[in-house]
1. Just the ratio, please: alpha-carbon radius of gyration of the range 1-94 over 2.2 N^0.38 Å, N its number of residues.
2. Check which residues have an amide H placed less than 5 Å from His159's amide H, if you skip close sequence neighbours.
3. Find how much the distance from Asp294 to Lys89 grows on full extension, using 0.36 nm per residue of separation minus their present alpha carbon separation; answer in nm with one decimal.
4. For the chain, take the alpha-carbon Rg, divide it by the Kirkwood Rh, and send me Rg/Rh.
5. Calculate the FRET efficiency for Arg441 and Asn404 from the Cβ-Cβ distance with a Förster distance of 25 Å, rounded to the nearest 0.05.
6. Report, by chain and number, residues whose modeled amide H sits under 5 Å from the one on Val350, excluding near sequence neighbours (fewer than 5 apart, same chain).
7. Can you compute the FRET efficiency between Arg260 and Ile228 using 1/(1 + (r/R0)^6), with r the Cβ-Cβ distance and R0 = 56 Å? Round to the nearest 0.05.
8. With a point put 7 Å past each Cα toward its Cβ, work out how far Phe158 is from Ala359 in nm, to one decimal.
Amino acid sequence: MDRNEHVRVAVIGSGFGGLGAAVRLRREGVTDFVVLERAGSVGGAWRDNSYPGCACDIPSHLYSFSFAPNPDWPRAFSGQRHIRAYLEKVADTFGLRPHLRLNHEVLMARWDRAALHWEIETSRGTCTAEVVVSATGPLSDPRVPGIPGLDTFPGKVFHSARWDHEYDLRGKRVAVVGTGASAIQIVPAIQPETGRLTLFQRTPPWVLPRRDRAISRAERRLHRAVPITGSVRRQLLWAVRELQVTFFTRRHGGPGLVERLAKAHLARAVKDPGLRARLTPSYRIGCKRILLSDTYYPALARPDVDVVASGLAQVRGSTLVAADGTETEADAIVFATGFHVTDMPIAERVVGADGRTLAEAWRDGMESLRGATAAGFPNWMTIIGPNTGLGNSSMILVIESQLNYLADYLRKLDDLGGRGSDGGADLAGRVALDARPSAVRAWNHRVQERMKRTVWSTGGCTSWYLDGKGRNTTIWPGTTAEFRRATREVDLAEYDVIRPFRDGPDDATTSVNEREVVR
Ligand SMILES: Cc1cc2nc3c(=O)[nH]c(=O)nc-3n(C[C@H](O)[C@H](O)[C@H](O)COP(=O)(O)OP(=O)(O)OC[C@H]3O[C@@H](n4cnc5c(N)ncnc54)[C@H](O)[C@@H]3O)c2cc1C
């Protein structure tokens, strides 16, 4: 990065969110921006998660950008390699390479109240930006639980998102800790190689048939020759999921058809009643993410696989001790234990207008306005911010809605007289927007009221959707169409407009900003 480079927009992260933002910026005519990425290549989650069996669990034709359709998806649920290649291609096709600053980890971002811009310190120099788009990902920083004695383990230990491909699993006694979306892909993929596999399961997931299949050459040819067929396919996939949303967001009585389907799926693969009992969830389906697999249960039914229905509690050398006292010998431990979700790591590194970090502002739980902006953090926008996650559909739909909001945010700044200028010398037209605390409160009140009747709140489980206080700060409790409508444009009544203090030539450097309320 050029020393003290100033840009209109700094995007952090180069996964679907960051690359999507970059494409949208260019389409809006904004070329004065950089994408800061801590790793050496683009791809985000699809670069980092290369574990055996890694694939999406939303069909590829929906789990991709609407503006970059890919007629060549090889499978209904394509694998990591293909999704990563798709994102590399997006970077090429849309001319994003000149904007990329790879190996630039954002260490700190501070709002400069006088200059009305962000000062960003990266691992390779500093820059300033009028607007920051933080796309650091909801599932980006691996979470490994603090297990007493883990440091005494003589074997190999790694997290699912940091797979060690050098390590040969053949014939090894491997323990997999966790039963989430990654674990159920890993277990059947590695089981044929391992000598013995032990799964530590705190809570069994609900698993439905995956029905993955190769997309035939004829279908691909058709999508290439008649692109509208790909769009129709995407619309159908979207519509089915959109109709399913009420299943999650409305109170339902008694075990429904879907739970019966899931139990039948389990019964078909697992004949041992003891194992079946251990694998049967005791909470309502949908409360935790519903998982899709045709190979997970058959793998667990194999004679060389043990399911310990208890979490890993302690490690004593090569002996792994579960919370229920079960002891297991292992050569390797794979933690498929998820990510820092409700404690977004970038929040520790963002200092707002009043000198507090975003993490401090969110001490009682993450809160934002329309999933994007936060009071006291002017011109800072999060892609996949609080309460934007989906229980059953493609996160790309959410990302694209947020990009509409970003585009309108920049347009509003332009309309208010802000213009991309040169890092502090010219403050004349500079303007910033700060979410009003009352608007943030009102938005979150609405979200949390709706959350009360959803299966995520009433389903009787503890999930990664909930923060330490049991509040769901991750999921959007509605349809993707509702979210799109809510983020179509920026309502200036929800923001304070900040301009540099105008009296006197030096006043721009005081810390007093003029706040206008636009109604
Ligand atoms: C294994 C796996 C499977 C998934 N499958 C699906 C699916 O099927 N359907 C679905 O809808 N969602 C799925 N998801 C959720 C997924 O997180 C989102 O769909 C989407 O990929 C998020 O994109 P993102 O750009 O917001 O975040 P990411 O892809 O996580 O990208 C964030 C980027 O920010 C970078 N970064 C983080 N901190 C910094 C910093 N301080 N400085 C600089 N760079 C930084 C990271 O290196 C990374 O490149 C899956 C997630 C995982 C992990």
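A short reminder: the numbers here are calculations on the coordinates, not readings from a lab. Fair warning: this is a prediction, and the values are worked out from it, not measured in the lab. Here the Cβ positions follow ideal geometry from the backbone for every residue, glycine too, while neighbour counts run over all protein chains shown.
1. Taking N as the residue count of the range 1-94, the ratio is 1.16.
2. Amide H to amide H, under 5 Å and 5 or more residues apart or across chains, His159 pairs with Phe335.
3. Taking 0.36 nm per residue and subtracting the Cα distance, the gain is 70.7 nm.
4. 0.99
5. The computed FRET efficiency comes out at 0.60.
6. Correct list: Ala109, Leu358, Ala359.
7. That pair, Arg260 with Ile228, gives E of 0.90.
8. Those two pseudo-labels are separated by 2.7 nm.
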